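*Asks:* Handing you this structure, nothing more for now.
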Amino acid sequence: MSESATPENPFLTERKPRIMDIPVNVQVVLGSKRLPMAALFNLSRGSVIEFDKKVGEPVDLMANERLIARGEIQITDDGRLSISITEIVSSAG
C-alpha cells in the first residue's frame, strides 16, 4: 500500500511544513554556449558571447539544476527582471 499526502496520513502531513522550509536554488537560464578554455581566458571587458537563444524565445527556469518550467522575461515596475511562467515541464521522462 503506498503512502499519500492526505489528511488520513499524519506521518506525511506533520512533515510537510519542514519540507516547505528546505531552500531551493532557483535560476533563470537565458541561454548557453560551450567554449574552449582558451576562449574563456581571452575574454576581457567588452567581449561579446553569443548564446543559443534568440530574443523573445522562452527562458528556462531551473530548480537545483533541474528544468522545471519555461517562461518569458518581464520587467517589474521598479526595473527588476522577473519571469512569467508559460510552461511547466513534466517530470516524466
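*Asks:* Keeping to region 31-70, report how many residues are in contact (Cβ under 8 Å) with a residue 40 or more places away in the chain and among the aromatic types (F, W, Y). Explain how you work it out, then say what you get.
*Replies:* Taking region 31-70 as the starting set, the residues that turn out to be in contact (Cβ under 8 Å) with a residue 40 or more places away in the chain are 64-65.
From what's left, among the aromatic types (F, W, Y): none.
Of the residues in region 31-70, 0 are in contact (Cβ under 8 Å) with a residue 40 or more places away in the chain and among the aromatic types (F, W, Y).
*Asks:* On to the next question. Could you please find all residues in region 51-88 being part of a loop (DSSP other than H, G, I, E, B), farther than 15 Å from V29 by Cα and either of a type outside the set (S, T, N, Q) or under 12 Å from the mean Cα position of the chain (by Cα) (or both)?
*Replies:* So in region 51-88, the residues part of a loop (DSSP other than H, G, I, E, B) come out as 51-58, 64-65, 76-80.
Then keep just the ones that are farther than 15 Å from V29 by Cα; that gives 76-80.
Within region 51-88, D77, D78, G79, R80 meet the criteria.
*Asks:* What's the number of the only condition in (1) under 19 Å from the mean Cα position of the chain (by Cα); (2) part of a loop (DSSP other than H, G, I, E, B); (3) not polar (S, T, N, Q) that V48 fails to meet?
*Replies:* Status for V48: all satisfied but (1).
Listed here are the residues, each with its yes/no results for (1) out of contact with any Phe, Trp or Tyr (no Cβ under 6 Å at 6 or more places or on another chain); (2) surrounded by 10 or more Cβ atoms within 10 Å (Cβ to Cβ); (3) at pLDDT below 95; (4) hydrophobic (A, V, I, L, M, F, W, C).
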{"site": "N9", "(1), (2), (3), (4)": "yes, yes, yes, no"}
{"site": "V24", "(1), (2), (3), (4)": "yes, no, yes, yes"}
{"site": "P36", "(1), (2), (3), (4)": "yes, no, no, no"}
{"site": "E57", "(1), (2), (3), (4)": "yes, yes, yes, no"}
{"site": "L61", "(1), (2), (3), (4)": "yes, yes, no, yes"}
{"site": "E65", "(1), (2), (3), (4)": "yes, no, yes, no"}
{"site": "A92", "(1), (2), (3), (4)": "yes, no, yes, yes"}
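The values are calculated or read from the model by the stated rules, or taken from the named source; none is laboratory data. Quantities reported herein were computed from a predicted structural model and do not represent experimental measurements. When we count neighbours, we look across all protein chains shown, and the Cβ atoms used for this are built from the backbone with ideal geometry, even at glycine.
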